[in-house]
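Worksheet: one structure, shown below.
The values are calculated or read from the model by the stated rules, or taken from the named source; none is laboratory data. It should be emphasised that the depicted structure is a prediction, and the values quoted were computed from it without experimental measurement. Here the Cβ positions follow ideal geometry from the backbone for every residue, glycine too, while neighbour counts run over all protein chains shown.
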Amino acid sequence: MLQKIKIDKELVRQRFCRTLRSYGGNAVVQKTMAVELSEIICREKTVCAFDRVLEVGSGSGLLMAELLSRCSVKSYYANDLVEESLPCLRKVLERFPVEKFHFIAGDIECRDDLPSALDLVVSNATLQWLDDLDDFFRTMSNHLSPGGILAFSTFSTSNMQEIATIEDVGLCYHSLNELEILAGRYFDLVFSGEEEQRIEFSSPDKILHHIRQTGVNGLLRSSWTKSRYNSFIAEYRRLFSCENGVYLTYHPVYCCLKKKLL
């Protein structure tokens with residue numbers, strides 16, 4: 001039976017910190033998600049311009065780059081668990097005319113000094129790491145102006161199901177319908193969608209390398225023995241082989257919502 005474990009935020013921070021330089025080149029799905037999310041946001045605005053934007057989980061700047069290439073933003077607030085990501089964000093900002101930039105380091109679920117009167121809150125491939133989504137949606141609603149937009153992508157129930165099947169451990173992913181219900185307490189739904197992407201690799205070892213290079217293995221501290229590693233490789237080949245080697249499933253979901261008008 002799949003073990004849903006409590007997220008160790010410090011371990012997540014350490015793993016993503018180690019992969020800051022390799023993330024952009026390896027996070028192919030997350031890059032695609034950033035492009036799609038940016039385009040969804042722009043479809044909802046006649047003029048794609050915002051005064052005050054907060055990004056949750058800004059990482060190495062994948063979404064920031066995509067959003068700023070399509071929208072004008074006066075004040076950009078970026079939050080990330082990894083304080084060391086700031087130089088990556090500054091490098092992105094060299095290419096775009098943002099009047100004011102503010103970095104908010106730390107766990108978004110523990111910050112009580114977030115900016116108010118926001119026009120847009122965005123997040124790409126991050127919300128799966130949060131403990132309390134209902135509280136997150138309530139907090140974002142409180143900090144958005146009436147009619148302000150919350151737009152996010154995250155992962156859903158089939159994500160990396162191959163790893164979960166073999167290791168019997170995984171994140172507690174929400175279905176798209178569950179996300180719509182949770183967010184619907186505070187927002188009106190504008191758009192939602194989901195897709196499954198099957199990425200092929202030449203071997204299970206390449207999948208493990210891919211996971212390490214993107215930092216998304218921030219679940220367990222336990223190290224692998226040689227026998228555990230060999231068992232994983234053999235089982236992965238047995239269960240999830242394809243013509244080109246083996247495959248790994250990603251399950252992105254997208255939501256664009258507007259703060260309810262009282």
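Odds and ends about this structure:
- The helices (runs of 4 or more DSSP H) falling completely within the stretch 158-262 that include 2 or more residues that are among the hydroxyl-bearing types (Ser, Thr, Tyr) map to 226-239.
- The residues of the stretch 54-67 that are part of a helix (DSSP H, G or I) and not small (Gly, Ala, Ser), listed by number, are LEU62, LEU63, MET64, GLU66, LEU67.
- Out of GLU84, GLU94, sole residue that is in contact (Cβ under 8 Å) with a residue 60 or more places away in the chain and surrounded by fewer than 24 Cβ atoms within 10 Å (Cβ to Cβ): GLU84
- Those residues of the stretch 122-151 which are more than 30 Å from PHE240 (Cα to Cα) and in a strand (DSSP E or B), in sequence order: VAL122, SER123, LEU144, SER145, PRO146, GLY147, GLY148, ILE149, LEU150, ALA151
- Remark: pairs (first residue in the stretch 111-124, surrounded by 11 or more Cβ atoms within 10 Å (Cβ to Cβ); second residue at pLDDT 95 or above and of a type in the set (Asp, Glu); Cβ separation under 6 Å; 6+ apart in sequence or on different chains) = ASP119/ASP51; VAL122/GLU55.
- The stretch 157-206, residues that are over 19 Å from ALA27 (Cβ atoms) and of a type in the set (A, V, I, L, M): ALA164, ILE166, VAL169, LEU176, LEU179, ILE181, LEU182, ALA183, LEU189, VAL190
- Selection from the stretch 19-35 of residues that are not hydrophobic (A, V, I, L, M, F, W, C) and not in a helix (DSSP H, G or I): THR19
- When the stretch 89-121 is filtered for residues that are under 23 Å from ASP8 (Cβ atoms) and either touching a Gly at 6+ places or on another chain (Cβ under 8 Å) or outside any helix (DSSP H, G or I) (or both), the ones remaining, listed by number, are ILE104, ALA105, GLY106, ASP107, ILE108, ARG111, ASP112.
- Residue tally, condition at pLDDT 95 or above and either of a type in the set (Val, Ile, Thr) or surrounded by 19 or more Cβ atoms within 10 Å (Cβ to Cβ) (or both), over the stretch 163-176: 1
- Once the stretch 25-50 is narrowed to residues that are touching a Ser or Thr at 6+ places or on another chain (Cβ under 6 Å) and in contact (Cβ under 8 Å) with a residue 40 or more places away in the chain, the residue that is farthest from ALA125 (Cα to Cα) is ASN26.
- No other residue among GLU66, GLU10 is buried (at least 20 other Cβ atoms within 10 Å of the Cβ), acidic (Asp, Glu) and out of contact with any Cys (no Cβ under 9 Å at 6 or more places or on another chain) apart from GLU66.
Results for (1) over 13 Å from the mean Cα position of the chain (by Cα); (2) among the aromatic types (Phe, Trp, Tyr); (3) buried (at least 23 other Cβ atoms within 10 Å of the Cβ); (4) in a helix (DSSP H, G or I), shown as yes or no for each residue.
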| residue | (1), (2), (3), (4) |
| --- | --- |
| CYS17 | yes, no, no, yes |
| LEU37 | no, no, yes, yes |
| LYS45 | yes, no, no, no |
| ARG52 | yes, no, no, no |
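- SER72 being free of Cβ contacts under 8 Å to residues at least 60 places away in the same chain, surrounded by fewer than 21 Cβ atoms within 10 Å (Cβ to Cβ) and either within 18 Å of ARG13 (Cβ to Cβ) or small (Gly, Ala, Ser) (or both): yes
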